[in-house]
Amino acid sequence: MSDPSPTPEPKPKRKSPGPLDSRMLEALQSDSEIVHATIAELAQDAALAAALAPFCLDRDNTIAITPASLTALAGQCAETLALAGRITSERARVSSITDSEDDDKAAAIAAIRGMQKRAKSKYEESDPARLDAYFIGGPLGSRKDISLAGAAIYGLIRDKDEQGNPLTPQDTLPGIGTAQIAQFKTDLGSYAVVETEQSGAQSDASGSLLEFEAACAQIARRRRKLQLAIDAERPYNDPANTPLRTRLGLPADKGLA
């Protein structure tokens with residue numbers, strides 16, 4: 001059989017997720033600062049606290065604006081900021097796995113080609129028909145190709161069962177013993193596990209991102225309802241309200257749009 005043909009162009013590997021949206025993170029940090037500033041303000045301004053009490057934070061108008069509800073909102077901000085940190089770590093993990101994929105693939109192909117060369121040395125003249133069992137001449141361009149060839153070759157030369165007990169191999173190759181067989185299995189396994197690890201890491205990162213986006217949206221809505229209430233009770237056209245409005249992120253010269 002002829003030498004292995006050139007491998008086809010591989011499919012593009014999975015892209016690493018990009019960085020967390022900085023604008024969304026900045027908006028969350030700003031919302032958190034406004035909530036904390038309002039809590040501090042209410043602790044010193046009983047009249048403002050009483051004026052805001054009839055207003056609500058949530059969409060269904062069931063959560064009154066009180067120091068307690070604002071403290072809970074501040075806690076949600078903190079939890080969401082912590083989630084942002086976890087997302088960054090999860091995305092770094094995806095990137096690391098993606099970066100190692102090419103190396104693991106190259107190692108798996110090299111291991112298979114090494115066994116194929118030894119099989120050719122042993123059988124090319126004496127029993128060329130046996131070369132087909134080693135997938136000699138077949139492509140190794142895709143994960144499926146590598147998996148099929150690797151599993152077939154390992155099945156021929158393996159000398160231990162799944163529990164590590166001695167097993168009589170179906171075939172032996174020159175210079176290949178227990179240590180080389182174990183390394184061959186490791187090289188194949190490292191590449192095989194990349195896809196599982198990558199899929200798991202991407203799933204974790206995607207799930208966390210959806211949770212983060214939903215939390216940011218809810219916090220932003222509640223921060224806006226808080227500011228609308230303050231805007232109504234401490235309007236811009238009273239100069240005495242300017243310092244307060246500035247501290248709580250409201251425009252000093254106009255109402256909240």
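The numbers here are math on the coordinates, done by the rules we state, and not lab data. Predicted, not measured: the structure shown is a model, and the values here were computed from it. In this analysis, Cβ positions are derived from the backbone assuming ideal geometry, glycine residues included, and neighbour counts consider all displayed protein chains.
For region 22-247, the extents of the C-alpha atoms along the principal axes are 101, 33, 27 Å, listed from largest to smallest.
Backbone geometry of region 111-126 corresponds, through the Karplus equation with coefficients 6.51, -1.76 and 1.60 at θ = phi - 60°, to 3J(HN,Hα) couplings of 5, 5, 4, x, 5, 5, 5, 5, 5, 5, 4, 7, 10, 3, 9, 7 Hz, x marking Gly and Pro.
Reported to the nearest whole Å, the Cα centre-to-centre distance from region 103-167 to region 32-81 is 66. Here the extension length gained between residue 238 and residue 89 equals 48.9 nm, from 0.36 nm per residue of separation less the Cα-Cα distance.
Per-residue 3J(HN,Hα) values for region 182-190, derived from phi via the Karplus relation 6.51 cos²θ - 1.76 cosθ + 1.60 with θ = phi - 60°, read 5, 5, 4, 4, 5, 4, 5, x, 4 Hz in sequence order (x marks Gly and Pro).
Each of residue 183 and residue 46 was given a label point 7 Å from its Cα along the Cα-to-Cβ line. The distance between the two points is 8.1 nm. Between amide H atoms placed 1.01 Å from N, distances below 5 Å from residue 160 occur with 167, all of them 5 or more places distant or on a separate chain. Residue-wise HN-Hα couplings along region 243-250, as the Karplus relation 6.51 cos²θ - 1.76 cosθ + 1.60 with θ = phi - 60° gives them from phi, are x, 5, 4, 5, 5, 9, x, 9 Hz; Gly and Pro carry x.
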